[in-house]
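**Student:** Submitted below is the structure of interest, expressed as C-alpha cells.
Taken together, the values in this text are just the output of simple stated rules run on the coordinates, not laboratory data. Treat the numbers as computed from the prediction; the structure is a model and nothing was measured. Don't worry about glycine lacking a Cβ; one is built from the backbone with ideal geometry, like all the others, and counts go over all protein chains shown.
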Amino acid sequence: MHAILEEQDAGSETLRRARGGDHDAFAEIVAEHESMVYSLAYHFFQDRGRGEEIAQDVFLQLYRNLESIESPAHLLFWLRQVTARRCIDLMRRSKLMKPISLEAVELRSASRDADPLLERRLRRLVADLPEAQRLVVTLRYQEDLDPSEICRIVDMPVNTVKSHLHRALTALRKKLGDHR
Amino acid sequence: MNLDHELRAALQRKTPAPGLAERVLARAGEAPRKPRRVQWAVAASLILTASLAGWTAHRRAEGERAREQVLLAMRIAGSKVAYAQQQVRGISK
C-alpha cells in the first residue's frame, strides 16, 4: 500500500515537472506509457508504421495538453482514450485495409510454452475483426480491462461492449476451428 | 485451448523503436507549446491589433470623405465668386 502511494506521488511529481516544461519529465512519461500506446495502435492495424505514427501523434497531443491532465490515473485513461479514438479516426479516414506484414510481427512472447504460430494467427484474426470488436478485444486482452472500464474509454454502453466482446470471441473461436 | 489465455499472449504489449520521446519532442519543437496564459495574451493582442487596424481604416475613410466635402465646397464657392465677378464686371461696363 505504502509502495503504491509512493509510486503515485512520484507519478504526480513527474507530471508536475512535465507541465512546467521539463523535457526529461516528459520523456519519463513517454517511456512509461509508450508500449501501451504503441501496442494498441499496432494490434489495431497490425502495422508497425501505423503504430509509430499514432504513438507520436498521441504523445504530441499529450505534450500540448499537459495542463489538462490532472493525475497519473487521468493520464492513463486519457492516453488509452485518445489512442482508441485515433485508431478509429485513422481507420475511417483512410478506409485502410490492414496490411499484414509477417516480417513486421514482433514475437516477444513471455511464456516459454507459447505457440508463436498460433499467436500470429490470432493477431491476424483479431486484425480482421470489425473495428469496434477489434478495439474492444485489444483493450480487454492487451490492457486487461473489464467491460466497465472499456465502455468509458470507447464511450459505449457497457452492454454494447459486452456484446462486441461476445461476438468477437465467437467469431475467433469459429475461425480458429475452421483453420485447424 | 484456452482462448482467453491465447489472446493475452498474442496481444502482449510491444515496444516501439527506441527514441520515441525524442522524436515527439523534435516534432513538438517545430511548433513549441505555449502556456495557456501566453495563448490568451497572443489572442488578445491579435484582437487588439485587428480592432486598431479597423478603427484606423475607419478614421482614414472619414478624413477622406471630409476632404472631398471641403474640396467640393471650395469648388462651389469658387464658381460662385467667379459668377459674382462676372456680374460686377458687367455692371461696371
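**Student:** What percent of all Cα-Cα pairs in chain B falls in each 10 Å bin, counting up from 0?
**Tutor:** Taking every Cα pair in chain B, the percentages come to 11, 13, 12, 12, 11, 10, 8, 7, 6, 4, 3, 2, 1, 0.
**Student:** Treat the count of other C-beta atoms within 10 Å as a stand-in for reagent exposure and order A:TYR38, A:TYR141 from fewest to most.
**Tutor:** A:TYR141, A:TYR38
**Student:** For A:ASP24, A:ASP146, A:ASP47, which order do you get if you count the other beta carbons within 10 Å of each Cβ and list the fewest first?
**Tutor:** In order of increasing Cβ crowding within 10 Å: A:ASP24, A:ASP146, A:ASP47.
**Student:** Say R0 is 51 Å: what FRET efficiency, to the nearest 0.05, do B:SER51 and A:LEU169 get from their beta-carbon distance?
**Tutor:** After rounding, the FRET efficiency stands at 0.25.
**Student:** Each label point is 7 Å from the Cα along the Cα-to-Cβ direction; what then is the distance between the points at B:MET1 and B:VAL70, in nm?
**Tutor:** 9.4
**Student:** Quick one: angle between helix B:20-30 and the longest Cα principal axis of chain B, in degrees between 0 and 90, rounded to 10, please.
**Tutor:** The angle comes out at about 0 degrees.
**Student:** Counting only Cα, what are the radius of gyration and maximum Cα-Cα distance Dmax of the stretch A:29-83, in Å?
**Tutor:** My reading of the Cα-based Rg and Dmax gives 10.8, 32 Å.
**Student:** Still on this structure, please answer the following. Can you tell me the orientation of helix B:36-92 relative to chain B, as the angle in degrees between its alpha-carbon axis and the longest Cα principal axis, to the nearest 10?
**Tutor:** Computed tilt is about 10 degrees.
**Student:** Cross-link partners among aspartates and glutamates for A:LYS174, C-alpha distance below 20 Å, same-chain residues fewer than 8 apart left out?
**Tutor:** Candidates past the 8-residue exclusion: A:ASP115, A:GLU119, A:ASP128, A:GLU131, B:ASP4, B:GLU6.
**Student:** From the P(r) of the protein assembly as shown, could you give the percentage of C-alpha pairs in the tail past 24 Å?
**Tutor:** Tail fraction, whole percent: 63.
**Student:** Same structure again: Which ordering of A:CYS87, A:CYS151 is given by a fewest-first count of other beta-carbon atoms within 10 Å?
**Tutor:** The most exposed by this proxy come first: A:CYS151, A:CYS87.
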